[in-house]
Structure formats: C-alpha cells, structure tokens
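The values are calculated or read from the model by the stated rules, or taken from the named source; none is laboratory data. Fair warning: this is a prediction, and the values are worked out from it, not measured in the lab. Reconstructed Cβ throughout: ideal geometry from the backbone, glycine too, with neighbour counts over all protein chains shown.
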Amino acid sequence: MKLYNFPWGPYPRRLSLYLAEKGIADIERIEVEFPHQPDLWPKDFLRKLNPAHSLPVLDTGNGMLIGQSIAILEYLEERYPNPNMLGETSEERARTRELVAVFDEATSFFGLWARQGSSVNAGRHTPSAEAARVGAERFASKLRVGEAKFVGPFINGNRLTIADCVAMALIEFVDQFYGVPVPADCPKLSEWYLRLSDRETMQSLRYPQEMLDLAYGLPEQTQVFL
Ligand SMILES: N[C@@H](CCC(=O)N[C@@H](CS)C(=O)NCC(=O)O)C(=O)O
C-alpha cells in the first residue's frame, strides 16, 4: 500500500497520527508539498490520484485509490485490527463514528473561517467577514458538542480511537498554525489536548515559516474571539 500525504495539513495529519499510534510501518509514505502559491501545486498529479484534488489518498495496492481520510482510517482499521482504534461493541463503535463526524464537521467550518478571513488565504478566495464569522461560530459550536460528548480519559473512553486522531489533527492545527485556542467553555477538550500533546506519537509539526507568519492570529485578523 502507498499513502500520499501532505506533511502538515489537518486531514493528512489524521493519518500520520493514526499510523504512529497504531505502529504501522509497512505502508509506503509519499509526501506531497502544497506550496503557498496555488499555481505551484502539483495539480495534474493530484487530479490523477483523486478527482477532489485533495490529500490524503491511499493506494490499497489492489487497484483501488481511496480519497477521503475517514474512509482510509476505517479501511486501515479493517486491515490492521490491533490495537483496536474503533471500539469493541456496536455502541462503542457508533460513538467513535459520531465523534469523528463531529470533529470532521468542526474541521469544515474552521476551513470556512480560515478561507474567508485569514491573511494566508488572501488572493485565493474573496474574503467575507460575514462568512468568516459564521464559520467561526459553527466551528465553536461543534467543539462544544465534542465537549458534551467527551468521555475521558480519551475522547471515547479508555481507548484511543480514530476520533482522537481526527480531533487532535484539528485542534493542534488551529492552535499552532492559526493561533486559535480551545474555547474556554471546553475544559475537557483543553485538558485532553495538553495531555495528548505530550505523547511521543503526537509531537508537534513544523509549519512553513512564511505561511505561519501570515496565518497566526486568525482571531485578531477577523475580530472573532471564541
Ligand atoms: N474531506 C477530505 C478533505 C481533504 C482535504 O481538503 N485535504 C487538503 C489538505 S489538508 C487538500 O488536499 N487541499 C487541496 C485542495 O482541496 O485543493 C478528507 O477528509 O480527506
């Protein structure tokens, strides 16, 4: 199998965290760069891999390309069932999937905030203060759902699951790249984030400095404080 990934993007990061936690080392990793200037992106290469032009993409080695991170996580869970990162019972698996969906929605809404409001995206999208504000509010409301559903010590109880990988990839990215802290009314998520950040498998990433300089400080840039 081959995994096409992007070193610091929040969707590919779900897979990097998962593979590290799972201890999977026999999947070939191909790192693709997305430079700051979109005209330098490897568009033809991406188009061949995935009609969505997005990463991650898993080549399963038997003629199939999977172009959505959650589908890849679920597929790998079936191929590498140990340690179990989905859940033992139907209820536990349903709750893991529910939490994955909550943090996936939060990731999409965060994307709206960042796309429409961040200086790092200036020139790529027409900025809209109103759309940025809606994205920020919906992002925060999804985190609050995650807070309400949080079981502990991991998001879905005693087992670290794919929901922790999806949530960690998001919260780390918004904190470290955009300077957006976990909202004060999400203390469980905040404590979980600090605790998991210390895990050897979750060591922080290096972001391209030129982009970090533009991105960091999204609340100040958009005047939206959660
Ligand atoms: N829903 C997709 C989203 C993937 C995604 O948007 N990846 C970003 C990198 S973090 C990307 O490839 N963006 C380039 C583009 O959308 O053109 C997934 O879960 O895999």
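Observations on the structure shown:
- Number of the condition not met by ALA148 [criteria: (1) of a type in the set (Gly, Ala, Ser); (2) free of Cβ contacts under 8 Å to residues at least 12 places away in the same chain; (3) under 23 Å from LEU19 (Cα atoms)]: (3)
- Residue within segment 111-121 that is touching a helix residue (DSSP H, G or I) at 6+ places or on another chain (Cβ under 7 Å), within 30 Å of PRO35 (Cα to Cα), modelled with pLDDT under 95 and exposed (fewer than 15 other Cβ atoms within 10 Å of the Cβ) present: no
- Restricting segment 28-49 to residues that are under 20 Å from the mean Cα position of the chain (by Cα) and modelled with pLDDT of 95 or more, the residue that is nearest to the ligand (Cβ to nearest atom): ILE30
- In this entry, ALA20 passes the filter for residues that are more than 9 Å from the ligand (Cβ to nearest atom), surrounded by fewer than 18 Cβ atoms within 10 Å (Cβ to Cβ) and not assigned by TED's automatic domain parsing to the domain that holds GLU200.
- Of all residues making up segment 133-169, the number that are surrounded by 23 or more Cβ atoms within 10 Å (Cβ to Cβ) and closer than 23 Å to ASP213 by Cα: 5
- Against the criterion of being more than 22 Å from the chain's Cα centre (by Cα) and not basic (Lys, Arg), ASP59 does not qualify.
- Screening the candidates GLU98, GLU33 for the property of being touching a helix residue (DSSP H, G or I) at 6+ places or on another chain (Cβ under 9 Å), farther than 30 Å from SER141 by Cα and charged (D, E, K, R) yields one hit, GLU33.
- GLU77 in contact with a helix residue (DSSP H, G or I) (Cβ under 8 Å, 6 or more places away or on another chain), away from the ligand (no atom under 12 Å from the Cβ), within 21 Å of GLY146 (Cβ to Cβ) and not hydrophobic (A, V, I, L, M, F, W, C): yes
- All positions within segment 75-98 that are of a type in the set (Asp, Glu) and buried (at least 16 other Cβ atoms within 10 Å of the Cβ): GLU77, GLU92
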